[in-house]
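So the structure is just underneath, and the comments pick up after that.
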Amino acid sequence: MLGMGGGAAAQGAAEGAAGADGAALFAENCASCHAETRLGGTGPALIPETLGRMMGPALEQVIAAGRPATQMAGFGGQLSPEEIAAVAAYIATPLTETPRWSLEQAAQSREMSAEYRPAPAPVFTGDPMNITLVVEAGDHHISVLDGDSFEVLDRFATPFAVHGGPKFSPDGRFVFVMSRDGWVQKYDIWSLQVVGQIRAGLNSRNIAMSADGKWLAVANYLPQTLTILSTEDLSVVKVLEVVARDGRPSRVSAVYQAPERQSFVLALKDAPEIWEVTTDPEGGPFHDGFVHSYEASMEESLGAEKGLFARRRIAIDEPLDDFFFSPDYRDLIGTNREGTKGEVINLDVGRKIAELPLPGMPHLGSGISWMRDGHRVMATPHLKEGVISVIDMSDWHLVQTIAMDGPGFFLRSHEASPYVWADVFFGPHKDEMQIIDKQSLEIVRRLVPEPGKLFAHAEFTRDGRYVFTSLMEDEGAVIIYDAQTFEEVKRLPMRKPIGKYNVWNKITFDDGTSH
Ligand code: DHE
């Protein structure tokens, strides 16, 4: 079923370790589950795009010992260390051809659950708007937490390696999650049941929901496409080939919804372009009556594209990897992975309006904003520097660089909270959460619940009273704190909990949450 692309391509690279033939060993031992093409079957895809980006044990260790509580058995008894090294080298080698994944192939992968019965009302008594989902990477599950009682209402299996924020329907009833292998799963929070799943791409970055809740855009690395699904039944409604103006195909860095604009906004990873794809059935913001003005260069790209999913290109200086928006979605703040500077692109006029001093690989995807002294400021952690940059969004000047105990990954706050919770994901202080006062920008507290263990990512309850944090270890926990006193309130054992997502905070775009 899968398009060709891998197979023998990487053979040369994997023949090395004492002459063991990694490709042949793979075909014999692994292909039945992971597919001859390495693009996945009953087991996940074994390609660098997926493997190189996951937190977890080394490849050789997994091949030798297997993965507990999964179908992945250990091969330590059958293969010598040299043979295991050759298989690991083979699967770490890039595919030589970009695999195909057509609309038809995606459609054939769609599986809707026969057991699913939509409930007329929530099957639990708690507030459905205060549900928080916890992605557990240890055994690829999601736990559904009642945000008032802290009870686990359900725990369901997800596709392998879910990444990024799940996207909730505007009424908060359904949620969609995406795996790095391109599977998108739909779950009904009222019924506490999985609705179905589809493989929308072969290696995907993230998903975005349209403002009207009808469409889901899937940003793919492999193949170079943007897949648009119907949220109703997960059917594929459109596959946009992502080809830059100069004819080169490009991966998609990420896609987000711009609710005020009724559009999806995506950045191309391999070309200096931003695309805006309208989800307005009338074709806005590209229809004739649209109030914003466009520059002449934009007119050209509007061309014949009108109506639902019409696309607009915005030319920029260099490709963007990571980005963030002003609350009115007129400005996009982006950076490349080299992370030397940030750029502000105004989406109305379709060009750069400012540059930002943001060295040290800012992680704008987890940026947040809030009001300070009558000005809106945004803050971003940096993956390569132990600082958080705070920028004034009215004139784009750097307000302050907050010195942290190491580089961090995630920031979170809440409208009702005077504090930002920031992790120190990398380095010797990975066990620490630093709490920053949103007005003084001072660090007011450091929490270290388990010295030496990775402690990261925070999410608030709907009312902002409690904060859920992750002890990101295989035998880890969600640790719940009082958001005012910072006292630990409860600990829920979990299998490597990563991200946590509160329905209300997400669907209302609460100040303090990332996309
Ligand atoms: Fe993420 C969100 C990109 C590595 C956990 N990450 C995102 C988003 C992007 C992104 C673009 C926003 C998507 C969205 O929510 O719609 N992540 C990247 C990378 O480029 C990077 C650095 C390398 C890569 O793997 O591609 C990366 N991310 C990781 C991890 O190693 C993490 C810690 C573990 C994992 O799951 O792989 C990780 N990323 C997360 C989480 C979010 C996320 C938990 C959602 C944060 C939120 O609160 O919304």
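For segment 22-92, what relative contact order do you get, as a whole percent, if you take Cα pairs closer than 8 Å and at least 6 residues apart? Intermediate values should be presented prior to the final figure.
Working: 75 pairs, mean separation 24.0, N = 71.
Relative contact order comes out at 34 percent.
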Using only the Cα atoms of the chain, each taken as one equal point scatterer with no solvent, compute I(q) by the Debye sum, divide by I(0), and report log10 of the ratio at q = 0.13 Å⁻¹.
-1.39
Which of the GluC sites (Glu not before Pro) across segment 68-109 are loop residues per DSSP, with 13 or fewer other Cβ within 10 Å?
97
Return the whole-Å distance between the Cα centroid of segment 343-363 and the Cα centroid of segment 41-109.
37
Using a 1.4 Å probe on the protein heavy atoms only, what accessible surface does residue 273 show? Give it in Å² to the nearest 10.
10
Per residue of segment 473-489, what does 6.51 cos²θ - 1.76 cosθ + 1.60 with θ = phi - 60° give for ³J(HN,Hα)? Whole Hz please, x for Gly and Pro, Karplus curve as stated.
10, 4, 9, x, 6, 8, 9, 9, 10, 6, 5, 9, 8, 6, 7, 6, 9
What distance in nm lies between label points placed 7 Å from Cα along the C-beta direction at residue 487 and residue 450?
2.3
Charge dipole magnitude, Cβ of K and R +1, D and E -1 - the chain, Cα centre, debye nearest 20:
380
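Given a 1.4 Å probe and every protein chain left where it sits, what share in percent of the accessible area of the chain is carbon and sulfur? Can you show the working numbers first?
Numbers: 10080 of 19700 Å².
Whole-percent figure for carbon plus sulfur exposure: 51.
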Sorted peptide list for 366-378, 222-234, 471-483, criterion being average Cβ within 10 angstrom, highest first
222-234, 471-483, 366-378
For residue 214, counting only lysines whose alpha-carbon sits under 23 Å away and dropping same-chain residues fewer than eight positions off, the answer is 167, 186, 238, 306, 506
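Send over a whole-number figure in Å² for the accessible area per residue of segment 22-92, probe 1.4 Å.
Details: 3280 Å² over 71 residues.
I get 46 Å² per residue for segment 22-92.
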Cα centroid separation - segment 227-247 against segment 155-205, whole Å
17
Would you mind getting the accessible area per residue of segment 191-274, heavy atoms of the protein chains only, 1.4 Å probe, in Å²?
28
Provide the per-residue ³J(HN,Hα) series for segment 387-404, in order, calculated from phi with Karplus coefficients 6.51, -1.76, 1.60 and θ = phi - 60°, each as a whole number of Hz, with x at glycine and proline positions.
9, 10, 9, 10, 10, 7, 7, 7, 10, 6, 8, 6, 6, 6, 10, 8, 6, 9
Using amide H atoms built in the peptide plane, which far-off residues or other-chain residues are under 5 Å from residue 325 H to H?
333
Straight distance only, please: which aspartates and glutamates reach the Cα of residue 453 with their own Cα at less than 13 Å, same-chain residues fewer than 8 apart left out?
423, 431, 432, 473, 474, 475
Run the reach check for residue 269 against lysines, Cα to Cα strictly under 18 Å, same-chain hits fewer than 8 apart removed. What comes back?
341, 352
Please give the solvent-accessible surface of residue 184 in Å², to the nearest 10, using a probe radius of 1.4 Å with every protein chain present.
0
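The values are calculated or read from the model by the stated rules, or taken from the named source; none is laboratory data. Small disclaimer: the values here were computed from a predicted structure and weren't measured. Don't worry about glycine lacking a Cβ; one is built from the backbone with ideal geometry, like all the others, and counts go over all protein chains shown. These area figures cover heavy atoms from the full protein model, side chains too; ligands, DNA and RNA do not enter into them. Shrake-Rupley method; radii C 1.70, N 1.55, O 1.52, S 1.80 Å.
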